[in-house]
Amino acid sequence: MRQALDTGDERFLPLRDKGPQKRYTRDYVDARFSLGEYLMFGALLFVVISLIIPPTSAGISYVLIGFWIMFLAVFVDVFILSRKLRKRLTEKFGEVERGSIWYGCMRALQFRKLRLPKPQVKRGQFPA
């Protein structure tokens, strides 16, 4: 099973990762740059900075505003991803399989190196 997740071998993948639409979704998400990959870094940075800066300081307001701006940017990025992915899947397969868009959005929020099944395409190498 682990080897299938590393190689992307369709025969041995778990049910949630099987099928041509899920494969296309994985390749599409892995080919694009996503702000969501850096959300955890930003959240960790926010926690560390908020522990360092005194809560009565005006600087904490800027940190909080910066975090919300980053969170909003990730939300907009994932929204745009879902719209483009739905359009691409409809063009290629006719009907979008239930769960494919959510699968792509959740994959976009993970660090690229930690995604399973591992990315099979390089950035910018979008599926046909």
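Since every read-out is calculated from the coordinates, none of them should be taken as a lab result. Remember, it's a predicted structure, so these values are computed and weren't measured experimentally. Reconstructed Cβ throughout: ideal geometry from the backbone, glycine too, with neighbour counts over all protein chains shown.
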| request: Considering each residue of the range 82-111, count those that are closer than 15 Å to residue 36 by Cβ and in contact with a helix residue (DSSP H, G or I) (Cβ under 6 Å, 6 or more places away or on another chain), and give that number. | output: 10
| request: Considering (1) without any contact (Cβ under 8 Å) to a residue 40 or more places away in the chain; (2) not in a helix (DSSP H, G or I), say which one residue 60 fails and leave the rest. | output: (2)
| How do the pairs read when you match residues in the range 100-128 that are within 21 Å of residue 4 (Cα to Cα) and touching a residue at least 12 places away in the same chain (Cβ under 8 Å) with residues anywhere that are assigned to a loop (DSSP other than H, G, I, E, B) and not small (Gly, Ala, Ser), using Cβ under 7 Å and keeping only pairs 6 or more apart or on different chains? | 107/115; 112/119; 117/13
| request: Give just the number: which of (1) over 21 Å from residue 122 (Cα atoms); (2) part of a helix (DSSP H, G or I) does residue 4 not satisfy? | output: (1)
| request: Find the residue count for the range 14-57, including only residues that are in a helix (DSSP H, G or I), under 14 Å from residue 85 (Cα atoms) and small (Gly, Ala, Ser). | output: 1
| remark: Scanning the range 1-31 residue by residue, the ones that are surrounded by 15 or more Cβ atoms within 10 Å (Cβ to Cβ) and within 13 Å of residue 119 (Cα to Cα) total 14
| task | Mind listing just one residue for me: the one in the range 78-99 that is among the acidic types (Asp, Glu) and within 23 Å of residue 16 (Cβ to Cβ) and, of those, farthest from the chain's Cα centre (by Cα)? | result | 95
| Test result for residue 122, surrounded by 14 or more Cβ atoms within 10 Å (Cβ to Cβ) and not aliphatic (A, V, I, L, M) | no
| Do you know which residues across the range 74-111 are surrounded by 15 or more Cβ atoms within 10 Å (Cβ to Cβ) and under 19 Å from residue 45 (Cα atoms)? | 74, 109, 110
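Take the residues of the range 31-57 that are among the small types (Gly, Ala, Ser) and free of Cβ contacts under 8 Å to residues at least 40 places away in the same chain: which is farthest from residue 108 (Cα to Cα)? Can you show your working first?
Taking the range 31-57 as the starting set, the residues that turn out to be among the small types (Gly, Ala, Ser) are 31, 34, 36, 42-43, 50, 57.
Still in the running and free of Cβ contacts under 8 Å to residues at least 40 places away in the same chain: 42-43, 50, 57.
Values: 42: 15, 43: 16, 50: 27, 57: 35 Å.
Only one residue fits best here, namely 57.
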